[in-house]
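Input: a single structure, listed below in structure tokens.
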Amino acid sequence: MDVKGDSKKILGVDPGTNITGYAIIEIDQPKCSVITCGVFDLRKHADHQSKLKEIFLQLQEIIETYLPAHMAIESPFHGKNVQSMLKLGRAQGVAMAAGMTMGLEIHEYAPKKIKQAITGNGNASKEQVAKMLETRMNISLDKRLTDASDALATAVCHFQRAFGTTSTQDQKKYKDWKSFVKMNQHKVN
């Protein structure tokens, strides 16, 4: 099924075999806004194949509901546990297959690139990324759902890269979080 998506909507995905995060943003140049953001909790499924099937089906349902044209997905990072990396790679592949089946353009971003796009620091913590998203998007994120905020960060990263918007800091470079805070007191609560 090829869904004709809205080019003004992006689906962000943070794939995982226990928790998969998703977010839909809508583009209203020069900004974007959050339509929905959440997680699929896959821990109740007994085996890996059931989890993969659920990722595929639930992402298709999200796509059918919101009709995005783009999927931005976090690529797997390098890990020491080969079995975990294989499972994560399968989750990413299934998520991408769900998007391709529905006719979405697929875009992959490394975790460091996503953090760089949101905070200006590729080594920022998940908490720093979430706080920056809350400030920038004027929303409140559930601190327990870091996979949802990671998916939102992935969608916003794609928005910035694909639609030519400036970074969160208007292309300024900061050497660390402390220097960003010092230069942006008006953005800190």
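The values are calculated or read from the model by the stated rules, or taken from the named source; none is laboratory data. Quick caveat: nothing in here was measured; it's all calculated off a predicted structure. Positions of Cβ are backbone-derived with ideal geometry, glycine not excepted, and every protein chain shown enters the neighbour counts. The accessibility values were calculated without ligands, DNA or RNA, using every heavy atom of the protein model including side chains. Shrake-Rupley method; radii C 1.70, N 1.55, O 1.52, S 1.80 Å.
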Checklist entry - For 26, 127, what's the largest-to-smallest order of accessible area, 1.4 Å probe? => result 127, 26
Checklist entry - With the dipole of the range 11-90 worked out from charges on the C-beta (+1 for Lys and Arg, -1 for Asp and Glu) around the Cα centre, which of 23, 50, 81 lies farthest toward the positive end? => result 81
Next on the checklist: Quick one: 3J(HN,Hα) in Hz for the range 42-56, Karplus 6.51/-1.76/1.60 with θ = phi - 60°, rounded, Gly and Pro as x.
Outcome noted: 9, 5, 6, 7, 5, 10, 4, 4, 5, 5, 5, 4, 5, 4, 4
Item to check | Solvent-accessible area of residue 161 with every protein chain in place, 1.4 Å probe, in Å² to the nearest 10 | outcome: 130
Next on the checklist: Give the aspartates and glutamates reachable from residue 9 as a straight Cα distance under 20 Å; neighbours fewer than 8 places away on the same chain don't count.
Outcome noted: 26, 28, 61, 64, 74, 105, 108, 134, 147, 150
Checklist entry - So how far apart, in nm, are the two label points at residue 101 and residue 182 if each is 7 Å from Cα heading toward Cβ? => result 5.2
Checklist outcome for this item: Here the gain from full extension of residue 112 to residue 33, 0.36 nm per residue of separation minus their alpha-carbon distance, amounts to 26.2 nm
Checklist entry - Quick one: length gained pulling residue 50 to residue 82 fully straight, 0.36 nm per residue minus the C-alpha distance? => result 9.5 nm
Checklist entry - Taking H as built 1.01 Å from N, whose amide H comes closer than 5 Å to the amide H of residue 16, not counting residues under 5 places away? => result 21
Checklist entry - Using the Karplus equation 6.51 cos²θ - 1.76 cosθ + 1.60 (θ = phi - 60°), what ³J(HN,Hα) coupling, rounded to whole Hz, does each residue of the range 157-164 give in order, writing x for Gly and Pro? => result 4, 5, 4, 5, 6, 7, 10, x
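Rounded, prolate or oblate: which fits the range 1-91, taking a ≥ b ≥ c as square roots of the Cα gyration tensor eigenvalues, rounded meaning a/c under 1.5, else prolate when a/b beats b/c? Before the final figure, lay out the partial values.
On the way: a/c = 2.39, a/b = 1.72, b/c = 1.39.
Since a/c reaches 1.5 and a/b is larger than b/c, the shape of the range 1-91 is classed as prolate.
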Checklist entry - Which of the pairs 51/131; 113/143; 80/182; 87/112 have their Cα atoms more than 25 Å apart in this structure? => result 51/131; 80/182
